[in-house]
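K.L.:
Structure below; questions to follow.
The values are calculated or read from the model by the stated rules, or taken from the named source; none is laboratory data. This is a predicted model, so every value here is computed, not measured. Here the Cβ positions follow ideal geometry from the backbone for every residue, glycine too, while neighbour counts run over all protein chains shown.
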Amino acid sequence: MSIQYKKYCCVTCDLVYDEELGFPEEGIAPGTLFEDIPDDWTCPECSASKSDFFLVE
Amino acid sequence: MKPIVIIGSGHAGITLARELRVINKETPIILITQESGSAYYKPNLSKAISLGKSADDLVMKNVETLKSELNIFIKTLTRVESIDTEKNTVVIKNRLIESIIYKELILAIGATPFDLPIEGDGKNDVVSVNNLDDYRQFKEKITNKRNILIIGAGFVGIEFASDLFASDYQVTVVDMEAWPLKKALPQQMGETIVNSFPKDRVDWHFGVAVTKVERQGNSLDVTLSCGKKLTVDMVLSAVGIRSNTCLAKDAKIKVNRGIVVDEYLRTNINNVYAIGDCAEISGHTLPFIAPATFAAKALAKTLLAEPTTLNIPNLAVAVKIPTCPTVVCPSLDLAGNWVVEGDAPDFIARFMNAEKTVTGFALTGKAISQKMTLLKECVTPQLR
């Protein structure tokens, strides 16, 4: 069974976090679910909070 | 109920409005702006030509969406004429002149490009791109041009150079310093960046200034301080910005290089605050997006919850140069030395103060993967 990965978008700069790809350069491995990213993590582009990302439908 | 009044619809002003709404859904908020009020991400302005984006394409949320999503009043295309800090009012001019009373006033009025001491009848043809409307005009003007001269090889200048050569323009870069991004990285890295650009597309002139711009038919004749003359189609100035302080100064609010605020973002006048590019804290103006985001979050808490000081962690900024990936974390401590390791183009540079503490860093090439490690090595800047 394959996991349904989701995408989240930063409200400030439009950067997209794709769970399937992760952000390896930021220390977030591919396949990391958004909810498993630490709460103090910030947007690598603009430093917005994790809570400033919204689910992309 | 008196409203919270925010002047400015840049990143700082709009982020503050959003953060206030996170805490309180009801408190009245009025945002006043000279611009159209649409939200856009300013760093995109220096990398949008190669993506073929129009000014409208860069709008992330138009003003009507912002008004309804945030439940705030936005007065667009409106100038603030003056502030009366005794009566707690701002006088605004749109078609009419009116006075708005505030409970708290937040200045998020940004910064303006430096006015260069340039001679010649082409001085007014020198453009700069500091907001979305500037970009709209720039995009229109550049369409039929080919040779573009950029004054300044800082963050904005180098990103424009990269964006424009990638869009088939012939680019000339002129900077007073000896290498690009001099304030943020050492010479080896600056040279690495220069070498990453194709030599037949980008021409560099370091250690000189533009002294004169003269009209010559549809072209511009540019004279450099070394005496050299160049003929180009367009001149773009990216020499940096200075905080907008006049409005504050006229209202007897303390200003220096920026509007002076303490660690709570308070000016010397009760109920008046400043954030973003217009503010100065402990002698520092804090450009870039991220410090403004942190300031907006702290101030929202101060205004609607409990007093909260601004604390900014170390922040690494990616410079968008596809030919040479570059990440910098500029030091607030200006005294110190660069210690560089690696071989071109993959350098790690640490900025060390007199106590051998790492207070900033820069990374190029493959070394950008070391960002998280370097961020941990770096001491947290103190703003008090």
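K.L.:
Considering only the range A:1-43, how many residues are among the polar types (S, T, N, Q) and either in contact with a Lys or Arg (Cβ under 7 Å, 6 or more places away or on another chain) or within 14 Å of chain B (Cβ to nearest Cβ) (or both)?
P.N.:
2
K.L.:
Further question: Does B:Asn24 fit the bill of being away from chain A (no Cβ under 14 Å) and touching a strand residue (DSSP E or B) at 6+ places or on another chain (Cβ under 8 Å)?
P.N.:
no
Every residue, every condition in (1) within 15 Å of B:Gln187 (Cα to Cα); (2) modelled with pLDDT under 95, yes or no:
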position	(1), (2)
B:Trp338	yes, no
B:Ala344	yes, yes
B:Thr359	no, yes
B:Ser369	no, yes
B:Lys376	no, yes
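K.L.:
Taking the residues in the range A:30-45 that are surrounded by 11 or more Cβ atoms within 10 Å (Cβ to Cβ) and farther than 14 Å from B:Pro313 by Cβ as candidates, determine which candidate is nearest to the chain's Cα centre (by Cα).
P.N.:
A:Phe34
K.L.:
Please find, among A:Cys46, A:Cys9, the residue that is part of a loop (DSSP other than H, G, I, E, B) and under 21 Å from B:Ser38 (Cα atoms).
P.N.:
After ruling out the rest, the residue left standing is A:Cys46.
K.L.:
Considering only residues that are touching a residue at least 24 places away in the same chain (Cβ under 8 Å), in a loop (DSSP other than H, G, I, E, B) and among the small types (Gly, Ala, Ser), which ones fall in the range B:49-104?
P.N.:
B:Ser50, B:Ser54, B:Ala55 - these are the residues of the range B:49-104 that are touching a residue at least 24 places away in the same chain (Cβ under 8 Å), in a loop (DSSP other than H, G, I, E, B) and among the small types (Gly, Ala, Ser).
K.L.:
Something else about it: Among residues belonging to the range B:331-363 that are in contact (Cβ under 8 Å) with a residue 24 or more places away in the chain, more than 14 Å from chain A (Cβ to nearest Cβ) and closer than 20 Å to B:Phe288 by Cα, point out the one that is farthest from the chain's Cα centre (by Cα).
P.N.:
Ranking the candidates gives B:Thr359 first.
K.L.:
For the range B:139-160, which positions are over 21 Å from B:Asp57 (Cα atoms) and either in a helix (DSSP H, G or I) or among the acidic types (Asp, Glu) (or both)?
P.N.:
B:Phe155, B:Gly157, B:Ile158
K.L.:
Criterion first (surrounded by fewer than 20 Cβ atoms within 10 Å (Cβ to Cβ), of a type outside the set (Lys, Arg), away from every other protein chain (no Cβ under 12 Å) and on the phi > 0 side of the Ramachandran plot) does B:Asn62 satisfy it?
P.N.:
For B:Asn62, the condition - surrounded by fewer than 20 Cβ atoms within 10 Å (Cβ to Cβ), of a type outside the set (Lys, Arg), away from every other protein chain (no Cβ under 12 Å) and on the phi > 0 side of the Ramachandran plot - is not met.
K.L.:
Considering B:Pro287, B:Pro291, which residue is assigned to a loop (DSSP other than H, G, I, E, B), out of contact with any Gly (no Cβ under 6 Å at 6 or more places or on another chain) and within 14 Å of chain A (Cβ to nearest Cβ)?
P.N.:
B:Pro287
K.L.:
Shifting gears a bit: So B:Ala300 fits all but one of (1) of a type in the set (Gly, Ala, Ser); (2) under 22 Å from B:Arg350 (Cα atoms); (3) within 14 Å of chain A (Cβ to nearest Cβ); what number is the exception?
P.N.:
Going through the list (1) of a type in the set (Gly, Ala, Ser); (2) under 22 Å from B:Arg350 (Cα atoms); (3) within 14 Å of chain A (Cβ to nearest Cβ), B:Ala300 breaks only (2).
K.L.:
Those residues that are outside any loop (DSSP other than H, G, I, E, B) and over 15 Å from B:Lys182 (Cα atoms), I need them from the range B:318-339; list them, please.
P.N.:
B:Ala318
K.L.:
Here's something else I'd like to know. Can you name the number of the only condition in (1) exposed (fewer than 14 other Cβ atoms within 10 Å of the Cβ); (2) out of contact with any strand residue (DSSP E or B) (no Cβ under 7 Å at 6 or more places or on another chain); (3) within 15 Å of B:Glu35 (Cα to Cα) that B:Gly110 fails?
P.N.:
It is condition (1) that B:Gly110 fails.
K.L.:
Being under 26 Å from A:Phe23 (Cβ atoms) and in contact with a Gly (Cβ under 9 Å, 6 or more places away or on another chain) is the requirement here; does B:Thr326 meet it?
P.N.:
Taking the combined requirement at face value, the residue satisfies it.
K.L.:
Please tell me if B:Ser9 is at pLDDT below 95, within 28 Å of B:Gly240 (Cβ to Cβ) and more than 13 Å from chain A (Cβ to nearest Cβ).
P.N.:
Considered against the rule, which asks whether it is at pLDDT below 95, within 28 Å of B:Gly240 (Cβ to Cβ) and more than 13 Å from chain A (Cβ to nearest Cβ), B:Ser9 comes out as no.
K.L.:
Can you tell me which of (1) under 23 Å from the mean Cα position of the chain (by Cα); (2) assigned to a loop (DSSP other than H, G, I, E, B); (3) surrounded by 14 or more Cβ atoms within 10 Å (Cβ to Cβ) is the one B:Val208 doesn't meet?
P.N.:
Single failed check for B:Val208: (1).
K.L.:
Considering only residues of the range A:46-57 that are within 11 Å of another protein chain (Cβ to nearest Cβ) and in contact with a Cys (Cβ under 7 Å, 6 or more places away or on another chain), which is surrounded by the most Cβ atoms within 10 Å (Cβ to Cβ)?
P.N.:
A:Cys46
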